[in-house]
Structures are given as structure tokens and as C-alpha cells.
Amino acid sequence: MLIKTTDILNAKILIVDDQESNIQLLDQLLRGAGYTGVTSTLQPEEVCALHRKNAYDLILLDLQMPVMDGFQVMECLKTSTTDDYLPVIVLTAQPGHKLRALQAGAKDFVSKPFDLVEVKTRIHNMLEVRLLYKRLADFNKILEQTVLERTAELRESEARYRSLTELASDWYWEQDENGSFTKVSGPVLEMLGVQVDTFKGISKTNQADCWDETERETLRATIAAREPFLDFMFHRRNADGSQQQFRVSGEPMFSRSSRFLGYRGIGVEVVAEQAP
């Protein structure tokens, strides 16, 4: 994520000082060093509006000015822009103002009278950090948008999966991490015979001893262990003496961080001629 020299030299810079001579000196210095986006103002009260309009990469701000001093300008910048990084280097002849300026939000300072080598070095370093910060912010926005798009794709894919699964099965179910049923399609509560009292207040009905208890306990143990199962054969003997067979498959669901989310499964009834 290196910043090119051309990006630094093309950065937008605003010089704010009530002394025309100081502005001319800094302007000549910066343009002589190759900077192309240098502008200036003698009116500190204009800075906030100018920054909102132009989004400067760096503001060189004098502290001692009439009408509105540099501290007031920084407070205005903090409250009137959405940028949480204040790109300000203060210009001051008062050593006691340096710490106060940094506490007010300035990122660096340049002492008056100017040491031209120091000025160029501090401006270059400040712009490099500022542009890295902006690039990181842009990258985070792209990453956030990508996550939103992928999440939407996953939800759409999951919806298609559920739809196709329900069409291809006699029944479909989902349970949350506590074992409570959250989605049921078809006569799953009766067929499964597992925790049917947890879905929408349905009480334990159809719980006569018509299911194969060995198979039921095996299925319950598999679900409790959060293990997947495929084509598990489930038998039921009806009151009239007839027997039904079901082929059941299920799998645990986990989040991307491997947190257990619950269970889902499908089942189909196996008619006599399909039975092994």
C-alpha cells in the first residue's frame, strides 16, 4: 500500500495565514518542490467551507490570526466535517502553543521563523500518512461492500437451496442451537418424533409407541452429537398394523466463525417397492 511520489505532489494543500508574506513564502516553497495542488486564503473564517468543498489532504494553519484564530478553526473543522482525521499542520512562533495545538487535533506543527528543510520534510511525511489513511478508508469501504454483496449472495443461495430441498423432499426441518424447531415443512413433527413440543407451542401428540425406539434413540444421539447423517432409515408401525419407512438425512449448521447454529434435515417416505 505504498504511496507514489506523484500522489503526494498532486495532493490538495490549503495555506491559511493572515500574513501575505508567509503565504507567498510557503506557496513558492511548495511549488518549487513540485507540489501542484496548492491554494491559500487570508480569511480563516472561510476554511471550514473550503474544506467541505475541496476535502484538502493537508491544511497549513497559522494559529495567531484576527477574527478567528487557529484553535477556533480546528474546532470548526472537527464539528463541520465528517472526516475523523484532521489533516492539519499548525504554524506557530509560540512554543507554548505546540502542545495545546496537538491536543486540539493538529497532527504536527512547524515553528516560525520557518526552517525550509524542516517544513518540506514535515509536509511530505504528513501527506504520506494522510494518503495512506485515505487509501485504508477506501479499502475498508470496498471490503464492507464486498462483504454485503457476498452475504446477499449467500442468503440467495441458501433460499434457493431450501426451496429446492423442500420440492425434492416429503418434508424439511430446521432447529436452532437449543434444539427448538424454527422451520417445518410437511409432517415432520409426527414423523421425527423428536422434541415436537418445542415448535410453536405444539404439545407432544402422536407419541404412541409406534416408532422404532432403537432407531429413534440413534437419531437423537446423532443430532445431539452434531453429526451429519445420510439416508438414515426410520420405521413406524401404524395402528392398523401397517409399517412405514422413511429415509432421513440431516446436517449441523455452523457460522463462518464455527459457532453452532442448529440443525436442518430432509426426509422422504420409502414406498414398498423402493425399500431395500
- Return one quarter of the surface area of the convex hull spanned by the alpha-carbon atoms of the stretch 1-151, equal to its mean projected area, in nm². 9.7
- Query: Roughly what would the spin-label model give for Arg256 and Tyr133, points 7 Å off Cα along C-beta, in nm?
  - Reply: 2.8
- Could you work out the local net charge near Thr218, counting Lys and Arg as +1, Asp and Glu as -1, over the other residues with Cβ closer than 13 Å to its Cβ? -3
- Quick one: net charge of Pro252's neighbours, Cβ under 10 Å, K/R +1, D/E -1? -1
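Ordered by packing density, taken as the mean number of other Cβ atoms within 10 Å over each peptide's residues, highest first, how do 49-58, 229-238 rank? Can you show the working numbers first?
On the way: 49-58: 16.0, 229-238: 14.1.
The most tightly packed comes first, giving 49-58, 229-238.
No lab work stands behind these numbers, since they all come straight from the coordinates. Just so you know, these numbers come straight off a predicted model, no measurement behind them. Neighbour counts run over all protein chains shown; Cβ positions are idealised from the backbone, glycine included.
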